[in-house]
Amino acid sequence: MSLTADARQLFTRRPDVYARFIRAVRYPQGLRAFWRASPLLHPGLRLLEAGCGTGALTFALWDAAKERGIRLDAFDAFDLTPAMLDRLRASLRRRRIGDIQLAEANVLHRDALPDDWRNYDLVVSASMLEYVPRERFADALRGLRERLKNGGRFVLFVTRRNPFTRLLIGRWWQSNLYSAPELTEAFRAAGFSRVHFPGFPFAARYLSAWGHVVEAER
Ligand SMILES: C[S@@+](CC[C@H](N)C(=O)[O-])C[C@H]1O[C@@H](n2cnc3c(N)ncnc32)[C@H](O)[C@@H]1O
C-alpha cells in the first residue's frame with residue numbers, strides 16, 4: 001500500500017483519537033497564539049490551507065483573524081481524507097462559519113484543486129507534509145508554491161526530529177520527522193526564497209519541543 005493510502009486509512013480510523021490527542025497537548029491553542037501575533041495576517045488576504053484535517057489550524061487562523069478584526073478575502077482548504085473533512089464540515093456548521101471552502105485533494109496531485117484556487121497571499125500547512133513520502137516532500141512544496149502569487153508567503157508547522165517526537169509522533173502517528181537543515185534544503189529545492197524559522201511566540205513556546213515553524217517567500 002502507498003504512504004498516501006496509509007495516511008488516508010490512518011486518519012479515517014482515528015479522527016476522534018486525533019482530535020482528543022491534539023486537545024490534550026494544547027496544540028490548537030498554540031497555533032492560535034502564533035496567528036494572534038503574526039504580521040502575515042492582514043485584511044483582504046487570500047488564504048489556502050493544505051491538509052486541514054479536523055481544522056486545528058483552520059480555526060486558529062479564523063479565530064485570530066476575527067479577534068484582530070481582519071477580514072479575509074478567501075479562505076480555501078483541502079485534505080486527503082473524507083472522514084477528516086466531514087468532521088471539519090460539522091464543526092464549521094456548528095459554528096455557523098460558511099466562508100471557508102473545502103475540497104478533497106492530494107497535495108501531490110497538482111491539478112486536483114479547483115482551477116481558480118490560485119494567486120494566494122498566504123499558503124499554510126500543519127502536520128500534513130510529514131505524510132508525503134520523503135522523496136516527494138520538495139515536490140509537494142513546489143506544487144503549493146505554484147498556488148502563491150509573486151511575493152506570497154508559505155508558513156509550515158512540521159514535526160521536528162528528536163527522541164520525544166520519534167516515539168510520540170513518528171511511531172504512534174506514523175509520520176516522517178524533519179530537521180531544520182533538511183527543511184531548508186527542501187524549501188530551496190522547491191524554489192522558495194527567504195526561508196527562515198521564526199519559532200513559536202512565548203504563549204506557545206511549549207510547541208517548540210514538538211515542531212518547527214518555517215516561513216518562506218515564493
Ligand atoms: C496529523 S493530521 C493534521 C491535520 C491538521 N492540519 C492539524 O494540524 O490538526 C494530517 C492530515 O493530513 C492529511 N493528509 C495526509 N496526506 C495528505 C496528502 N497527500 N494530501 C493532502 N492531505 C493529506 C490527512 O488526511 C490528515 O487529515
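Readers should treat all values here as calculations from the given coordinates under stated rules, not as data from a laboratory. Bear in mind the structure is a predicted one, so any value in this text is a computation, not a measurement. Note that we place each Cβ from the backbone using ideal geometry, even for glycine, and neighbour counts take in every protein chain shown.
A compact table of results
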item	result
Considering only the chain, percent of DSSP beta bridges that pair antiparallel, nearest 5	30
Percentage relative contact order, segment 3-217, counting C-alpha pairs under 8 Å, at least six apart	20
Computed label-point distance, nm, for sites Ala209 and Thr12 using a 7 Å Cα→Cβ extension	3.5
Dipole magnitude of segment 1-92, debye to nearest 20 (Cβ charges: Lys/Arg +1, Asp/Glu -1, about Cα centre)	300
At R0 = 25 Å, FRET efficiency that the Cβ-Cβ distance of Arg194 and Arg118 yields, to 0.05	0.75
Per-residue Cβ neighbour rank within 10 angstrom, fewest leading, His109, His212, His42	His109, His42, His212
Lys, Arg +1 and Asp, Glu -1 on Cβ, resulting dipole of segment 93-147 about Cα centre, debye, nearest 20	300
Note, ³J(HN,Hα) from phi for segment 146-159, Karplus 6.51, -1.76, 1.60, rounded to Hz, x at Gly and Pro	4, 7, 7, 7, 4, x, x, 10, 10, 10, 10, 9, 9, 5
Net charge, Ala77 excluded, C-beta distance under 14 Å - Lys, Arg +1, Asp, Glu -1	-2
Dipole moment magnitude, nearest 20 debye, segment 34-178 about Cα centre, only Lys, Arg, Asp, Glu C-beta charged	500
Calculated on alpha-carbon atoms, Rg and Dmax of the chain in Å	15.9, 46
Positive-end residue, segment 3-217 charge dipole about Cα centroid, Cβ charges, pick of Leu92, Phe187, Val214	Leu92
Leading residue at positive end of dipole, segment 84-218 (Cβ point charges), from Ala203, Leu122, Pro133	Ala203
Point-to-point label distance, Ile70-Arg134, nm (Cα→Cβ direction, 7 Å offset)	3.5
